[in-house]
Amino acid sequence: MKERNPWHTPLTIIIAVIGVIAIVALVTIAVLQNKPLIPKYKYGIVLDAGSSHTAMYIYEWPAEKDNNTGRVEQTHCCKVSGSGISDYASDPKLAGESLKACMRDAERFVPSERHEETPLYLGATAGMRLLNIKDSAASDRVFQAVSESLQKSPFSFQGARILSGQEEGAFGWVTVNYLDDRLEQGLETTGALDLGGASTQISFISDSFDGSESPSNYVAFRLYGNDYNLYTHSFLCYGKDQALRMALAHQTQSGPGSIVDPCFNNGYSAVKNYSVLYESPCVSGRKPSSAPQTFTHTGKGNFYECQEVVKSIFNFTECKYSQCSFNGIFQPTLQGTYGAFSAYYFVMKFLNLTDTSVPLQSVKEALARLCATPFDTLKKQHPEVKLKFLNEYCFSGTYIFTLLTEGYNFTSRTFSDIKFIKKIKGSDAGWTLGYMLNLTNMIPAEAPDTPLLPHAGYVSVITVIALVLFVLFILSLRPLWPRCSQKPQIV
Ligand SMILES: O=P(O)(O)OP(=O)(O)OP(=O)(O)OC[C@H]1O[C@@H](n2cnc3c(O)ncnc32)[C@H](O)[C@@H]1O
Ligand SMILES: [Ca+2]
């Protein structure tokens, strides 16, 4: 007679089946219960109304992770065509009109069910600061017009305002460090250097700075449980367009109808309007009384002479603090690494000096070569580059070099701590992301509680425990197991 398999008793089969079903159910429930929900995103829109142009940034983050770090990303950027909103002072309606194409873009990029709840901010920087100084009623009219235009969008418009220089610097610093995941992890932070068209910002943490020497340069943050004493300063008029105006104003002081400029390449020549040059508050008041209507601006391309012109727009002598950058502004000792973006990046990119950390001497040599190149040759070498930018690279490069070394006191040793960047992990470096994170309370002051185990670890532990319990259960039923050694009795 064939021997019966002792496992094939109804009891053991039932126990095994129930056990397997229980394990499958346990693991399935664990997986489904804890699986991150299908990503449902939320959105925020910030319009950066700069002096030279306006750009719209759309940010997104997983809806269930409002309070977590490193999760907000830029998904889209739209460059508003035309100039900055401050240039529409004489026809403010057009400033509002100019934003429409990008706002239509936003309607396509943000899912329609999210439109109504998506906050929309407009922040204006140095162009509007200057217009506000020159003609505050005109600046109000521009804000009125852009606000009316943005209110018509389906998004939740939260207002249009001028950022203070301090906010602009501090939010640029937050953006860079947030995108680099330095804030949540409490890592050493990176300084932020932003060069716009009308102002420039420097922001960094220096152990020697606690705000006492110069409170107006001090911003205190508590982020993810860490305290930061940030030094920040915004120099109005020291963006690259206004700096150029100041350099030209300096050279036209003697009043003649022509200037030969070492900061422009040999062969460059243009007729410029005195009144247009002197209309900015950065230079107004300095217009020579005998100035003719126009002057001829020609280039002679010499980096070393250009540096002398550029130096003339800085005041390096006045300082009532222990140490200063320039114009009597306090600056603590430089510390750590720096991310330099906006025009710093555009100009260094043109010079092919963005990929690695660059020795100061190489920048100097590249600039001396660039400035000495005849303008015709330069045009042939770079047919794809817009003439407006090509004209100015010798000046812009020399200005950046002088600002960083003579202005902020970077030396040949510390210069290589600067990285010239445009984006970090797909998001543009700039103040907009930091501004939105702040207004939406997306960075907590204290570190958020984190789960004990990551999701995969949690599922593995549950599975192993379930298996162990099952085996123990089977073993506990041993007394019920049929005895293999017992021969079946033949009656
Ligand atoms: O911060 P503010 O001062 O308000 O100015 P902005 O926000 O408009 O300034 P950007 O950083 O956009 O640009 C800085 C400057 O760089 C110029 N720029 C933009 N693209 C450039 C390029 O490819 N090459 C050289 N310069 C460029 C631009 O015209 C400005 O003069
Ligand atoms: Ca800017």
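Tabulated data
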read-out: Per-region count, the stretch 425-443, residues open to solvent by less than 20 Å² (accessible area, probe 1.4 Å) and either in a helix (DSSP H, G or I) or within 16 Å of ligand 1 (Cβ to nearest atom) (or both); value: 11
read-out: Matching residues in the stretch 334-367 - criterion: being away from ligand 1 (no atom under 16 Å from the Cβ), surrounded by 13 or more Cβ atoms within 10 Å (Cβ to Cβ) and in a loop (DSSP other than H, G, I, E, B); value: L334, Q335, G336, T337, V358, P359
read-out: Scan of the stretch 56-84 for residues that are away from ligand 1 (no atom under 16 Å from the Cβ), part of a loop (DSSP other than H, G, I, E, B) and at pLDDT 95 or above, ordered by number; value: V72
read-out: Inter-residue pairs, beta-carbon under 9 Å, first within 14 Å of ligand 1 (Cβ to nearest atom) and in the stretch 175-195, second in a loop (DSSP other than H, G, I, E, B), 6+ apart; value: T175/A429; T175/G430; A192/A429; L193/Y408; D194/A429; D194/G430; L195/Y238; L195/G239
read-out: Single unsatisfied condition, S212 versus (1) over 15 Å from G172 (Cβ atoms); (2) of a type in the set (S, T, Y); (3) touching a residue at least 12 places away in the same chain (Cβ under 8 Å); value: (3)
read-out: Any hit, the stretch 127-146, residues being touching a residue at least 60 places away in the same chain (Cβ under 8 Å), among the small types (G, A, S) and out of contact with any Phe, Trp or Tyr (no Cβ under 9 Å at 6 or more places or on another chain); value: yes
read-out: Unique residue being touching a Gly at 6+ places or on another chain (Cβ under 6 Å) and over 15 Å from C263 (Cα atoms) when the list is S357, S342, S322; value: S342
read-out: Residue that is open to solvent by less than 70 Å² (accessible area, probe 1.4 Å), over 24 Å from G336 (Cα atoms) and modelled with pLDDT under 95, where the choices are V385, V459, V464; value: V459
read-out: Test: residue in the stretch 67-77 that is within 14 Å of ligand 2 (Cβ to nearest atom) and either assigned by TED's automatic domain parsing to the domain that holds L120 or surrounded by 15 or more Cβ atoms within 10 Å (Cβ to Cβ) (or both); value: yes
read-out: Single match in N391, N409 (criterion: open to solvent by 20 Å² or more (accessible area, probe 1.4 Å), out of contact with any strand residue (DSSP E or B) (no Cβ under 6 Å at 6 or more places or on another chain) and within 19 Å of F326 (Cβ to Cβ)); value: N409
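The values are calculated or read from the model by the stated rules, or taken from the named source; none is laboratory data. Note that the structure is a prediction, hence the values are computed from the model and not measured. Every residue, glycine as well, gets a Cβ built from its backbone with ideal geometry; the counts of neighbours run over all protein chains shown. Note: accessible area is taken over every heavy atom of the protein model, side chains too, but ligands, DNA and RNA are not part of it. Shrake-Rupley method; radii C 1.70, N 1.55, O 1.52, S 1.80 Å.
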